[in-house]
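Data first, discussion second: the structure below is written as structure tokens.
The values are calculated or read from the model by the stated rules, or taken from the named source; none is laboratory data. Because the structure is predicted, anything quoted here is derived from the model rather than measured. Using ideal geometry, Cβ is built from the backbone for each residue, glycine included, and neighbour counts are taken over all protein chains shown.
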Amino acid sequence: MSMEMAEVANPAIMAENRESLERIQEEARALEHPEPAPRIDEEAGRGPRVVRPLGRPKIRVQDLNFWYGPTHVLKHVSMDIAANRVTALIGPSGCGKSTLLRCLNRMNELIPTSRLEGQILIDGTDIYRNADPVMVRRRIGMVFQKPNPFPKSIYQNVIWGAQINGYTGDRDELVEHCLRQAALWDEVKDRIEDHAYGLSGGQQQRLCIARALAVKPDVILMDEPASALDPIATSKLEETIIDLKERYTIVIVTHNMQQASRISDATAFFYLGELIEMNETIELFTRPANPQTEDYITGRFG
Ligand SMILES: Nc1ncnc2c1ncn2[C@@H]1O[C@H](COP(=O)(O)OP(=O)(O)OP(=O)(O)O)[C@@H](O)[C@H]1O
Ligand SMILES: [Mg+2]
């Protein structure tokens, strides 16, 4: 009698084997691909619905909780952010979008009373337990709501971060390369030594992107980068963002629903510190699963 037949003859052993095999497979899957653990309140049919985005996850947020002093501002957030895509974070004011963004590059820990629980993995590395915060901030660049160039020349703004990191390559080349990537080169190439404050708001914002790119990050976080810009500058910035995703992973906070639908591949909707729904942008905007998402994107609240 072969082994196989012996097993067939003993259903109890077979069931046990199958069960342990399943457990091993489950554990292996969990190691490779920890579930984002959506908590779906089936009875009400309106619980969080988190659909894992397409593509390789660059960033994995796992059961993230965050407090400022006693205030619990991010609650059990689990989500994946795919590499080389644009992920938009949306939701009403105060729901925790900027806080989440700052958790992704360890900027929040500079706030004395803050506390974080859970994990954030970037390329599989836990950035709070196994990485140096300075390295994390270098790999994960940030562009803020208000353009904040340094009071220096355009050239000095771009080279600054690379310089303090001991960049030894060709500086002119790096400056040109970053300004081209930020779609600013053609507008400033003849006045590269001019003061950055002489640029328009939209140009200053693209300069800040060029400055962020110069330290060679692989993720760029943008917190409402177009909110201070006019429609022309905004559309230029949006084109830049779409071009940048070929090389970078981009996470953008925006209050502008049209902007989210124009430039992002995946969208995450937050409400009162909870991730309510995440999906491919087109799905989330055309078929929101949660009534709160629908109310928000159609402008009924927020
Ligand atoms: N440094 C801080 N200290 C204490 N509380 C803070 C701090 N920063 C933010 N908060 C609080 O945390 C909550 C989330 O704020 P956060 O700035 O992340 O919201 P947001 O979604 O970015 O809002 P907005 O759309 O207005 O920018 C808010 O209640 C806010 O008041
Ligand atoms: Mg904010």
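Taking E187 and the conditions (1) of a type outside the set (V, I, T); (2) at negative phi; (3) touching a helix residue (DSSP H, G or I) at 6+ places or on another chain (Cβ under 9 Å); (4) in a loop (DSSP other than H, G, I, E, B), which numbered condition does it fall short on, given that it satisfies the others?
Failed condition: (4).
Can you pull out the strands (runs of 3 or more DSSP E) entirely within the range 202-299 that have at least 1 residues that are more than 14 Å from the chain's Cα centre (by Cα) and within 22 Å of H76 (Cβ to Cβ)? Don't jump to the end; show me each part of the working.
Working: elements: 219-223, 249-253, 266-271, 274-280.
Here the list reads 266-271, 274-280.
Give the residues of the range 104-119 that are under 13 Å from L74 (Cα atoms), more than 10 Å from ligand 1 (Cβ to nearest atom) and not basic (K, R), sorted by residue number.
Of the range 104-119, the ones under 13 Å from L74 (Cα atoms) are 104, 108, 114-119.
Remaining after also requiring more than 10 Å from ligand 1 (Cβ to nearest atom): 104, 115-119.
Hits for the range 104-119 are L104, L116, E117, G118, Q119.
Can you find, within the range 206-244, the residue that is nearest to S93 (Cα to Cα) among those that are in contact with a helix residue (DSSP H, G or I) (Cβ under 7 Å, 6 or more places away or on another chain) and within 16 Å of ligand 2 (Cβ to nearest atom)?
D223
Select from the range 112-167 the residues that are of a type outside the set (A, V, I, L, M) and closer than 13 Å to K216 by Cα and list them in ascending order. Spell out how you get there, then give the answer.
Taking the range 112-167 first, the residues of a type outside the set (A, V, I, L, M) are 112-115, 117-119, 123-126, 128-130, 132-133, 137-139, 141, 144-153, 155-157, 160-161, 163, 165-167.
Of everything in the range 112-167, those that are of a type outside the set (A, V, I, L, M) and closer than 13 Å to K216 by Cα turn out to be R137, R138, R139, G141, W160, G161, Q163, N165, G166, Y167.
Of all the residues that make up the range 70-89, how many are within 9 Å of ligand 1 (Cβ to nearest atom) and farther than 21 Å from D218 by Cβ? Walk me through how you get there before you give the answer.
Here is the first cut: in the range 70-89, the ones within 9 Å of ligand 1 (Cβ to nearest atom) are 71, 73-74, 89.
Of the ones still in play, those that are also farther than 21 Å from D218 by Cβ are 71, 73-74.
Counting residues in the range 70-89 that are within 9 Å of ligand 1 (Cβ to nearest atom) and farther than 21 Å from D218 by Cβ gives 3.
Spot the failing condition for S227; the list is (1) buried (at least 21 other Cβ atoms within 10 Å of the Cβ); (2) within 13 Å of ligand 1 (Cβ to nearest atom), and only one is missed.
Unmet for S227, out of (1) buried (at least 21 other Cβ atoms within 10 Å of the Cβ); (2) within 13 Å of ligand 1 (Cβ to nearest atom): (1).
Which residues, taken from the range 92-132, are of a type in the set (A, V, I, L, M), within 20 Å of T71 (Cα to Cα) and not in a loop (DSSP other than H, G, I, E, B)? Walk me through how you get there before you give the answer.
We begin by selecting, within the range 92-132, every residue of a type in the set (A, V, I, L, M); these are 100-101, 104, 107, 110-111, 116, 120-122, 127, 131.
Filter again for within 20 Å of T71 (Cα to Cα), leaving 100-101, 104, 107, 110-111, 116.
Scanning the range 92-132 gives L100, L101, L104, L110, L116.
Any residue in the range 149-165 that's surrounded by 17 or more Cβ atoms within 10 Å (Cβ to Cβ): show its pairings with residues that are among the small types (G, A, S) and not in a helix (DSSP H, G or I) at Cβ separation under 7 Å, as long as the two are six or more apart or on different chains.
Partner pairs satisfying both residue conditions: V158/A214; I159/A214; G161/A214; A162/A214.
For (1) surrounded by 16 or more Cβ atoms within 10 Å (Cβ to Cβ); (2) at pLDDT 95 or above; (3) not hydrophobic (A, V, I, L, M, F, W, C), each residue gets a yes or a no:
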position	(1), (2), (3)
T240	yes, no, yes
V251	yes, yes, no
P291	no, no, yes
R300	no, no, yes
